[in-house]
């Protein structure tokens, strides 16, 4: 997060930094020559052969970074993740960072990078925020190749008896493009395919992105891809990728993308950036393969999950941890004075003004997320991500609250000072890891009923009193039971702004009901998405997109990017 | 081209080959460490800084490989290009190859690579034929970002007064997907954009691909992008990328793609593979930057142009040569016995049977292409690309024809024997280069009228007696004159199968008229596309796409690809 007194922008800081050639990390990380596939001077892919070679080695410990319910600008979770990794290295620890890959669509639309910020960013930020190593393009291609195979199957005689009114596979682009949300394809007569309604999502919302991030190796990737449901027949039977016979081709399209990407922070802490699924209709964490590889390459892996603890952390702990057997040793809960004041009722325009009363009212939101992490039996540290507009009195009030409750708390100034600004946090995280009782377990059993699993999440994580289901959702649950899909984890799609499903309810709402409007089965990923409210899966551009300021000079240097 | 007696497939030969790590080419080619950006072990991008450093160095000589009108399977032009490069190196010459990047769409649809074949292929062929270094994905993204900016402009108030019925910018995907040829976008009410008719082309048909391949540097790229016409206003005035203000952002999206890609052939001859525009609605040659870079890195550059000499070579010589001041020293005209028999009236099913009479009848097609190259005042060699079904009598008949007419001719067996099979061709090409009188010039002046320029091409290159224009084309020509667009080169879009615009007229048709149905202005690329007949810009998939056979093993090795 950028603080007000800073004059330099993220890109100015980034372009002034001196990076080490990425192959210089080989020795430090124990990567063989043939396992490191360079992409330019400062990015590399790491071959999955490394995982086979290091199979018997012990795994590094995982620290999960989450947050309170965010303001629209975000709370600087990635920045704290990067800063914490840097700080741990300053303390002599062998720490590594695992993050999601940013999507290009928002980069072109709304100012704001997704690789940390200030002196806690991952570099080269321009490349990470543009095409990076092409992983998202490979997923776009696999997703749309599947759509083309599907429409071609129908055009060529429709042997599978696919009902064109019941196709659930959408096309995707890694762009913000509202005009593609609802389209009609196949127009123009019998030579141009079969007309039907269709729509485009942004690529990070593709089930292939979720599959990619949960796969443990190429074989598992292919098996998951094969299970994706793309449509239903006239008899309402599911039609899968395996029915179309293209899981091999889709895996082939992803065979290089599946290798994690190695980069470095501004202080030369190594980072794997790989995969980036939405945190609402998907689980919102970087790839399982990258997290597990980082565990082989380092002693401590700092990773993050999207949005607040009610969405990202819940899904990290109930979905990713369960599938991949990754158990965090400690959790960092990022809070900002600004967001707490917002939860205490202050309007966006007045967030820069001191308001201790509102801050204290807003602490209820932090308190709820702390209780959530406690429900998973995990130790935690509250990280105050300081902005220059925060007054000492406000910071002291937040600290006093934590100290009174006995919560570990650390003030971090990682945007401005890099790892140096996160030393206290790093020390407290190390202490928290010591206190782990290793009694972590997911909140629910997958064998429980769908409504029970959702109720458990809604009550324990959101603080809801009940869950209601629309008629459509009820019908879908009955269908999923019949299909044997009911014993999967639940991926909740909910407003990230509130603990409830109503974005206007800030702080810690009570006495509310969560309404599940409908489900979306992600059988390849291995979960059922439960949708409460409308979830936008293809963003639009603002009136003046950030692209208008972007440029490149004659030497190929990016300008106007953040 | 695969010969019948070969048992190994292209991919088997490719995977059995031993490649040199690509950085080993640095010294040989005089590339500095910082100029070579590795992409894995066997691909690299070369920074445009190299062009500045070597600005004063002499340019290598260019040899253009073209062909007679092809059979649907192609005549092995890329294979001969690669084989010739290898053969020249065997003769101790410092030769390099410059080729187009293959499109993924056809790879997924119809069996057949686009990186040469047999023992004259460019490697690693799987990667070159799949995502390669992501250039085409970057072009897809830039193309579709522009479409999103355009639709967003209209949605946000349409200050430019764009007539949504007159939008000429289409979206693209690098896939064969007929269902996207004609679509309606913007459905779903006022929050989802403005409804309008739209369509998708395959990425290689994007004007951005043509712009990319004609740009001489980043600055020129941006200037060309700015000039692209995307729509017309209610007053029928053109609306450009510059009007939308996004040429900087589009250039930024292409800043890495614009760097040529270095790979090697199976015999370790260096090759630049970069850019791949269609040879009908665009000019069909690899990027100007790659050709010019290859000229700095070697003494002889072997390059090819798409389809037969009537399309690819004509456009290389009238468009690419003109814009980039690249003058070939000699031309290779690839002919196969099979294609000559087809031009002599033999059906596809009977092409494998000896038929001297048909062969001699088909020689008229070769003769016409020879006259075309002569019209440009360039020396040439006829390369007989031998297939195992060709009989000695047939080969002798073709040789006898060339010898009688005084045409240089060489039998090549580069698919089967690599460079060794192209030594005679290489020696004859070197002799032809010696004979160049350096009196090359384009066929027409750009200042001539549109109809005169087209007539010149149709008469001199196709052998047509006249050109007719539809009413629509006439109206467009009047409009272009008013807009000052009439003094641009012409990019002819015509059937590649025939010298005429009627694909059923094989051999050397006479007494025919070319009909220009309509024009498409490519103002960014800098030419007017003249369309005769229907040109497919979004292919479809066959009933059983080649993707059905594709797979990848657990070690990430591609299977079933060609």
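What follows draws every value from the coordinates through simple rules; no lab data is involved. Just so you know, these numbers come straight off a predicted model, no measurement behind them. Cβ placement follows ideal geometry from the backbone for every residue including glycine, while neighbour counts extend to all protein chains displayed.
Data overview
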item: Residue B:57-residue B:375 pseudo-label distance in nm [points 7 Å out on the Cα-to-Cβ vector]; result: 3.7
item: Label-point separation, residue A:436 to residue B:197 (7 Å along Cα→Cβ), nm; result: 6.1
item: Rg over Rh [alpha-carbon atoms, Kirkwood Rh] for chain B; result: 0.96
item: In degrees, nearest ten, helix A:77-90 long axis to first principal axis of chain A (Cα); result: 50
item: All-pairs alpha carbon distance profile, the stretch A:475-562, 5 Å steps from 0, percent; result: 3, 11, 14, 13, 11, 11, 10, 9, 7, 6, 3, 1, 0
item: Residues B:457, B:208, B:11, sorted so that the one with the fewest Cβ neighbours within 10 Å comes first; result: B:11, B:457, B:208
item: Residue order, fewest to most beta carbons within 10 Å, for A:386, B:517; result: B:517, A:386
item: Cβ neighbours within 10 Å from other chains - mean over B:136-145; result: 5
item: FRET E, pair residue A:299, residue A:392, Förster distance 45 Å, beta-carbon r, rounded to 0.05; result: 0.80
item: Per-copy distances of the residue B:371 label point, shortest first, in nm (7 angstrom along Cα→Cβ); result: 9.1
item: Cα convex hull of the stretch B:66-110 - mean projected area over all directions, nm²; result: 4.1
item: 7 Å along Cα→Cβ, label-point gaps from residue B:49 to other copies, nm, shortest first; result: 3.0
item: Test item: B:316-322 mean partner chain Cβ contacts at 10 Å; result: 0
item: Alpha-carbon Debye profile of the stretch A:113-208, log10 I(q)/I(0) at 0.13, 0.22 Å⁻¹; result: -0.56, -1.14
item: Cα long-axis angle, helix A:356-375 against chain A (0 to 90 degrees, to the nearest 10); result: 60
item: Shielding by other protein chains, B:252-262, mean Cβ within 10 Å; result: 4
item: Ascending count of other beta-carbon atoms within 10 Å, so fewest first, for B:449, B:336, B:537; result: B:449, B:537, B:336
item: Cβ-Cβ FRET estimate between residue A:466 and residue A:356, R0 fixed at 51 Å, reported to 0.05; result: 0.90
item: 0 to 90° range, to nearest 10: angle between helix B:218-227 axis and chain B longest Cα axis; result: 50
item: The stretch A:246-404: antiparallel DSSP beta bridges as a percent of all, rounded to 5; result: 50
item: Helix-only mean residue ellipticity at 222 nm for chain A, each DSSP H run of n ≥ 4 adding -39500 (n - 2.57), per residue, nearest 500; result: -9500 deg cm²/dmol
item: Overall dimensions of the protein assembly as shown by Cα: Rg and Dmax, Å; result: 30.7, 103
item: Percent of beta bridges antiparallel (DSSP, the protein assembly as shown, rounded to nearest 5); result: 45
item: For residue A:518, inter-copy label distances in nm, listed shortest first [label point 7 Å out on the Cα-Cβ vector]; result: 3.7
